[in-house]
Amino acid sequence: MAPAQQNIEVCTEVMEPALELRLTSDGCKDENNVEHSKNNNTVKQNNILNEKTNNETDFDISKYEAMEFTPRIRWPDLVVQVSLHLVSIYGIFLIVTNEVKLLTTLFALATIYTSGFGITAGVHRLWSHRAYKARTPLRILLAFLFTITGQRDIYTWALDHRVHHKYSETVADPHDVRRGFWFAHVGWLVLTPHPAVEDRRVALRKCSLDLIEDPVVRIQQKIFIPLFLLLNILIPIWIPWYFWNESLVTSFVISFVLRFTTTLNIAFSVNSFAHLWGNKPYDRFIKPAENSVVSLAALGEGWHNYHHVFPWDYRTSELGRINVSTNFIDFFAKIGWAYDLKAATSSMIENRAKRSGDGTLGESEEPETNSKQHFD
């Protein structure tokens, strides 16, 4: 039994075949005040959103789907992305030609994967999906690690991710994979968003108060710019220069630009590769798939068919899969910094796979838990 299995909340509800948008993904409760609804592909009315605009009652996704929309290029964002990638190519050239000290390369790699826990265990599983709870020291650690990745502030990232899950594969999805690989990978960051995306971002702010009520999230958002400069740029450049006499230019190229760009592309790969290629053992009717290569690069985030079916499961996959972030959370659960871990049972997983999977689910490696905590 994994260390954290002793304090997992297990969801034992029977899921209906009808596809519903999982309100858990955005932190809103449904009209019956149930946090964990049954699927995540259509919309359920939410009594919290009762204003005349930007609410579920007034929102008609079919009108947005029929709308003619031509996105505009956001030139500053495009210039930034092109510049980052061109300088990164130069950085790879420096590494290949032995112009970079080994310690600098190792430091960049270590920073990529260490800071990645701020995305996977932090802004994704903790803040976006509330798949577990974390005590203040762990939340602070995860906030620092996430800031090192440079991927916007926690509140903005988590809000967009909730919109993505709630409106996945619609025009309201910020990185709708139906618009192609490149749009899902990076295009959504350099093009103006669809009006449906903007509408839903406003709507979900009203029921994502749990984010801004967290003082760690609130403070990180307030001082994000200076934190970004310090943790993502200045300190990573300074360490190789100061401790092993790497040149400032090389340190800038490798320890900031190449590292930052690599981290971005690993995260982008979950939106693109893991939504296009792989098997679908749990739900063959949705785009997200099980992609082991992405999981290896993204610390376990590539088991995406499972994750979109059970977004509230802190593991984002069945046990036995490559999932370093699950081990990370399990460690902190063992020392008491993480608690109330939520997970699906073996029978729940197997029943869903039999009902809607593509038949590729092998023998389950998921052990039953003896936890007495259940969702009603």
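The values are calculated or read from the model by the stated rules, or taken from the named source; none is laboratory data. The shown structure was predicted, so the numbers you read here are calculated from the model rather than taken from an experiment. Using ideal geometry, Cβ is built from the backbone for each residue, glycine included, and neighbour counts are taken over all protein chains shown.
The residue pairs whose first member lies in segment 115-142 and is of a type in the set (Lys, Arg), whose second member is outside any helix (DSSP H, G or I) and surrounded by 24 or more Cβ atoms within 10 Å (Cβ to Cβ), and whose beta carbons are closer than 6 Å, counting only pairs six or more residues apart or on different chains, are ARG125/ALA131; ARG125/TYR314.
Residue check: GLU246 meets all listed conditions (1) surrounded by 14 or more Cβ atoms within 10 Å (Cβ to Cβ); (2) part of a helix (DSSP H, G or I) but one, namely (2). With the structure loaded, tell me whether LEU78 is over 19 Å from THR262 (Cβ atoms) and in a helix (DSSP H, G or I) or whether it fails that test. Against the criterion (over 19 Å from THR262 (Cβ atoms) and in a helix (DSSP H, G or I)), LEU78 qualifies.
Looking at segment 336-376, which of the residues that are part of a loop (DSSP other than H, G, I, E, B), at pLDDT below 95 and among the charged types (D, E, K, R) is surrounded by the most Cβ atoms within 10 Å (Cβ to Cβ)? This residue is GLU366.
Considering each of ARG139, ARG135, ARG125, ARG72 in turn, give the residue that is within 24 Å of the chain's Cα centre (by Cα), surrounded by fewer than 23 Cβ atoms within 10 Å (Cβ to Cβ) and within 30 Å of SER168 (Cβ to Cβ).
ARG139
The single condition among (1) farther than 20 Å from ARG74 by Cβ; (2) surrounded by fewer than 21 Cβ atoms within 10 Å (Cβ to Cβ) that SER168 does not satisfy is (2). Check off (1) in contact (Cβ under 8 Å) with a residue 40 or more places away in the chain; (2) buried (at least 24 other Cβ atoms within 10 Å of the Cβ) for PHE331 and give me the number that stays unchecked. Only one criterion is unmet by PHE331, namely (2).
Tell me, please, whether a residue that is among the small types (Gly, Ala, Ser), closer than 30 Å to ASP330 by Cα and in a helix (DSSP H, G or I) can be found in segment 87-110.
Yes: one or more hits.
When we screen ALA274, ALA297 for residues that are surrounded by fewer than 24 Cβ atoms within 10 Å (Cβ to Cβ) and among the small types (Gly, Ala, Ser), the only hit is ALA297.
The residue that is nearest to TYR113 (Cα to Cα), among those in segment 143-154 that are touching a residue at least 60 places away in the same chain (Cβ under 8 Å), touching a Phe, Trp or Tyr at 6+ places or on another chain (Cβ under 7 Å) and assigned to a helix (DSSP H, G or I), is THR147. Of all residues in segment 203-238, those being among the β-branched types (Val, Ile, Thr) and modelled with pLDDT under 95 number 1.
For segment 171-184, the set of residues classified as of a type outside the set (D, E, K, R), within 14 Å of ASN271 (Cβ to Cβ) and in contact with a His (Cβ under 8 Å, 6 or more places away or on another chain) consists of PRO174, HIS175, VAL177, PHE183, ALA184, listed by residue number. Check whether at least one residue in segment 278-290 is among the hydrophobic types (A, V, I, L, M, F, W, C), under 26 Å from LEU189 (Cβ atoms), under 13 Å from the mean Cα position of the chain (by Cα) and buried (at least 20 other Cβ atoms within 10 Å of the Cβ), and report yes or no. No, that holds for no residue.
You will find that of ASN305, ASN265, the residue that is under 30 Å from ASN98 (Cβ atoms) and either polar (S, T, N, Q) or modelled with pLDDT under 95 (or both) is ASN265 and no other.
Residue-wise test of (1) part of a loop (DSSP other than H, G, I, E, B); (2) over 19 Å from the mean Cα position of the chain (by Cα).
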site	(1), (2)
ALA172	yes, no
PHE183	no, no
GLY187	no, no
VAL197	no, no
ALA203	no, yes
ASP210	no, no
VAL217	no, no
GLN221	no, no
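With respect to the conditions (1) surrounded by 11 or more Cβ atoms within 10 Å (Cβ to Cβ); (2) in a loop (DSSP other than H, G, I, E, B); (3) at pLDDT 60 or above, ASN54 lacks only one, and its number is (3). Annotation: of all residues in segment 57-75 being assigned to a loop (DSSP other than H, G, I, E, B) and hydroxyl-bearing (Ser, Thr, Tyr), the one that is modelled with the highest pLDDT is THR70.
Could you list, in sequence order, all residues of segment 317-335 that are part of a helix (DSSP H, G or I), out of contact with any Ser or Thr (no Cβ under 8 Å at 6 or more places or on another chain) and not β-branched (Val, Ile, Thr)? If the condition is that a residue be part of a helix (DSSP H, G or I), out of contact with any Ser or Thr (no Cβ under 8 Å at 6 or more places or on another chain) and not β-branched (Val, Ile, Thr), then ASN327, ASP330, PHE331, PHE332, ALA333, LYS334 are the ones that fit. Regarding LYS287, is this residue of a type in the set (Lys, Arg) and farther than 25 Å from LEU138 by Cα? Here the answer is yes, as LYS287 does meet what is asked.
Restricting segment 194-211 to residues that are free of Cβ contacts under 8 Å to residues at least 60 places away in the same chain and closer than 19 Å to PHE69 by Cα leaves a set whose member that is surrounded by the most Cβ atoms within 10 Å (Cβ to Cβ) is VAL197. The residue that is farthest from VAL87 (Cα to Cα), counting only those in segment 253-293 that are of a type in the set (Phe, Trp, Tyr) and in a helix (DSSP H, G or I), is PHE273.
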